[in-house]
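First up is the structure itself, then whatever we jot down about it.
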Amino acid sequence: MFQFRSFQRSLFFSIGGVFLLFAACFSMYQYQREKDYKIDILHSRLQMYNYEMMQTLGYDGIKNDSLFHGYMLTHDIERLRVTVIGIDGKVIQDNYTEPNAVLSNHLQRHEVAQAMTNGSGYDIKRTSQSTHETYFYSATRFGNLIVRSAVPYSSELTASLKVDNTYLYFAIVLTLLLGFVLYLSTRRISRHIGYLREFAVKAERGEELDHELERRLPDDELGDISHTIITLFWKLRHSEEDKQRIKRQLTQNAAHELKTPAASIHGYLESILSNPDMPHDKRQHFLERCYAQSTRMTKLLLDMAQLTRLDELPVSLTNDAERNNLIDLVPIINNVFDDTALQLQEKGIERRIDLPARIIVGSPLNEPEGALYSLFRNLVDNVIAYATGATQISITYQNGEFVVADNGCGVSIEHLPHLFERFYRVDKGRSRKLGGTGLGLAIVKNVVIAHGGTIAAEITTGGGLTIRFRIGN
């Protein structure tokens, strides 16, 4: 049994209504065309009779009673009526009336008026005032004369003029067939839209989603659109889940990281307050340790705030950004190495810089200098803090790619996929002793992503760590 959904019903009746209107207009046109065609055939036959009579009798002969009636006897067509009319509308000859009979003026007859204007004309189903029969009239003008022939409407003439309705049956069958095909098509479209709607409702309500849904989608444009919508939903859902997971992880890690310095500060201050007679040098040492732990907390909070700002950067900017701010990275990199020159010297690390005179990149950030400085500063600080035994740090730029490498102790290969994760540490205890927050490389990655770039880490040939990334245009 056929069932219509609201969308299918609207689509079916809108398209079906247009088709039925077209079919009705076509049928009316075809009916009128068939009717005109059969009338034209009858009109043409009577016109031929008029021409033959005029050619045979001529102007003088057709006005002669004996010649006119004699021609009618020899060229008799059953019940054919022929009338000769002057251009003033007066009847000159008529084979159905007496020679001296007086007939009304025919100038206003429809077929006569047409013949006067166009040379020929006809009229359908008009009753004669003289014989009181219904005729089909066909008139032809020959100079100052009009010859009009007429045949009465009989059952045979009515049948011959009747339109052949075969095409109507064909149109009805075709309409039903196309209607059935339209029903199947709209039902198919409605069914797949129903699947998509079911998926949307379940997603909105938070119900368990049917993973078999995609298998029921058609292998066509509609299926592609539905598949794209579902895929986008899953990406958004996973993205939201990832964001929530990262936020929870960040909160947990931040609480864990802040707990140690906070506990240290609390312990040192408690000792100072509990021992007012504490020696001055010991008190000074405790205060210095409190200051160091508070500095670490401040840096951690600043790094977290910077990561939060980068996370909140609109996706449209991070992907295909309107990078209206053009920045030269060379001065920023030089500033980083100038600011860390003393630390590098203390560690015995030599810097090697191979950069062009200018490196212009576009940035989507309103004030990009700080973020870009933080990117390169964290990379250099990472080498200073963790590249044990390193004697060299190099930064090169070629074909749009930066390469920052050191020849230190490096990391094991299993750590490479996790280096840019927040709070990830290769050696947790040693990292905390060195004062690291575990967010440096995460900030580097987020700045690169914010500029539409990519980043990856690999082991340096001969030992050490190499970080490659692309940034900007």
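In summary, ASP303 fulfils each of the numbered conditions (1) at pLDDT 80 or above; (2) acidic (Asp, Glu); (3) closer than 27 Å to THR396 by Cα with the single exception of condition (1).
Could you check, for region 360-379, whether at least one of its residues is among the hydrophobic types (A, V, I, L, M, F, W, C), within 20 Å of LEU465 (Cα to Cα) and open to solvent by 20 Å² or more (accessible area, probe 1.4 Å)? Scanning region 360-379 turns up no residue that is among the hydrophobic types (A, V, I, L, M, F, W, C), within 20 Å of LEU465 (Cα to Cα) and open to solvent by 20 Å² or more (accessible area, probe 1.4 Å).
Set side by side, the residues ASP320, ASP339 differ, and just one is open to solvent by 80 Å² or more (accessible area, probe 1.4 Å), modelled with pLDDT under 90 and closer than 30 Å to ALA390 by Cβ, which is ASP339. Taken as a whole, the condition of being in a strand (DSSP E or B) and without any contact (Cβ under 8 Å) to a residue 40 or more places away in the chain applies to LEU326. If the condition is being in contact (Cβ under 8 Å) with a residue 60 or more places away in the chain and surrounded by fewer than 21 Cβ atoms within 10 Å (Cβ to Cβ), then region 78-95 contributes ARG79, LEU80, GLY86. For region 130-144, a residue qualifies if it is out of contact with any strand residue (DSSP E or B) (no Cβ under 6 Å at 6 or more places or on another chain) and either open to solvent by less than 60 Å² (accessible area, probe 1.4 Å) or of a type in the set (Lys, Arg) (or both), and the qualifying residues are SER130, THR131, ARG141, PHE142, GLY143. Applying the set (1) within 59 Å of the chain's Cα centre (by Cα); (2) open to solvent by 60 Å² or more (accessible area, probe 1.4 Å); (3) at pLDDT 85 or above to THR56 leaves exactly one unmet item: (1).
Counting only strands (runs of 3 or more DSSP E) that sit completely within region 330-416, those holding 2 or more residues that are of a type in the set (Asp, Glu) correspond to 350-354, 401-406. Residues in region 261-278 that are in a loop (DSSP other than H, G, I, E, B) and open to solvent by 70 Å² or more (accessible area, probe 1.4 Å): ASN275, PRO276, ASP277.
Within region 106-129, one or more residues are under 18 Å from TYR153 (Cα atoms), open to solvent by less than 20 Å² (accessible area, probe 1.4 Å) and hydroxyl-bearing (Ser, Thr, Tyr). Residue check: GLN398 meets all listed conditions (1) at pLDDT below 85; (2) closer than 22 Å to LEU372 by Cα but one, namely (1). Here the condition is being at pLDDT below 85, among the acidic types (Asp, Glu) and under 25 Å from ASP123 (Cα atoms); of ASP40, ASP76, ASP88, ASP94, it holds for ASP76 alone.
Contact annotation: no residue pair with Cβ atoms under 8 Å, 6 or more positions apart or on different chains, pairs a residue in region 178-205 that is surrounded by fewer than 16 Cβ atoms within 10 Å (Cβ to Cβ) and of a type in the set (S, T, N, Q) with a partner that is at pLDDT below 70 and assigned to a helix (DSSP H, G or I).
Considering TYR29, TYR71, TYR49, the condition of being of a type in the set (Phe, Trp, Tyr) and surrounded by fewer than 15 Cβ atoms within 10 Å (Cβ to Cβ) is satisfied by TYR29 alone.
The values are calculated or read from the model by the stated rules, or taken from the named source; none is laboratory data. It should be emphasised that the depicted structure is a prediction, and the values quoted were computed from it without experimental measurement. Neighbour counts are summed over all protein chains in view; Cβ atoms, including those assigned to glycine, are modelled from backbone coordinates with ideal geometry. SASA here: full protein model, heavy atoms, side chains in, ligands and nucleic acids out. Shrake-Rupley method; radii C 1.70, N 1.55, O 1.52, S 1.80 Å.
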